[in-house]
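Chemist: Questions regarding the structure given below will be posed in turn.
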Amino acid sequence: MTTAAPRFDLPEPDDFTRPYWDAAAEGHLLLRRCHACGKAHHYPREFCPRCWSEDVTWERASGRATLYTWSVVHRNDLPPFGARVPYTAAVVDLAEGPRMMTEIVDCAESDLAIGMELRVTFRHEEGGEAVPVFRP
């Protein structure tokens, strides 16, 4: 009996993050916004990482971002990443303020530039959640 290779790229939603993944499946990126200090944050947490307030709610993001930095990955031995190389791992600044680790898609390495405008899109994997990635 052959077992499938473990997946390291699929999120494991829980009751708290379920709204995030449900919105992603519909093509929307959610953030958390703190009502005490007014700051948005990503990744989703039940408290504000700036002021520690628990007065935070879900908010639909615009989907706009700018490229902060990136690295093109040419080798990755973990499945399924090895089948995707080369791919562009990146950090983007969301229009709402938070930085987010992600992947850049539909863009040649030679076209990447710090500060370039990006828009969210979603990778839909069979048997998994829709994952936000960005493209020009």
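No lab work stands behind these numbers, since they all come straight from the coordinates. Here the structure is a predicted model, which is why all the values come from computation and not from measurement. Neighbour counts run over all protein chains shown; Cβ positions are idealised from the backbone, glycine included.
Chemist: Once a ≥ b ≥ c are taken as the square roots of the eigenvalues of the Cα gyration tensor of segment 50-121, is the result rounded (a/c under 1.5), prolate (a/b larger than b/c) or oblate (a/b not larger than b/c)?
Modeler: Because a/c hits 1.5 or more and a/b exceeds b/c, segment 50-121 counts as prolate.
Chemist: To continue, here is another question. Can you pull the one-decimal nm distance between simple spin-label points at Y68 and L10, each 7 Å off the Cα toward Cβ?
Modeler: About 2.9 nm, to one decimal.
Chemist: As a test of the formula, what do you get for the chain when each DSSP H run with n ≥ 4 contributes -39,500 (n - 2.57) and the sum is divided by the residue count, at 222 nm and rounded to the nearest 500 deg cm²/dmol?
Modeler: Per the formula, -2000 deg cm²/dmol.
Chemist: Answer rounded, prolate or oblate for the chain, using the Cα gyration tensor with square roots of eigenvalues a ≥ b ≥ c: rounded when a/c is under 1.5, else prolate when a/b is larger than b/c, else oblate.
Modeler: Values: a/c = 2.13, a/b = 1.27, b/c = 1.67.
Taking the square roots of the gyration eigenvalues as a ≥ b ≥ c, the chain is oblate.
Chemist: If you don't mind, there's one more thing I want to ask. Once you place label points 7 Å from the Cα toward the Cβ at E126 and H35, how far apart are they in nm?
Modeler: 4.4
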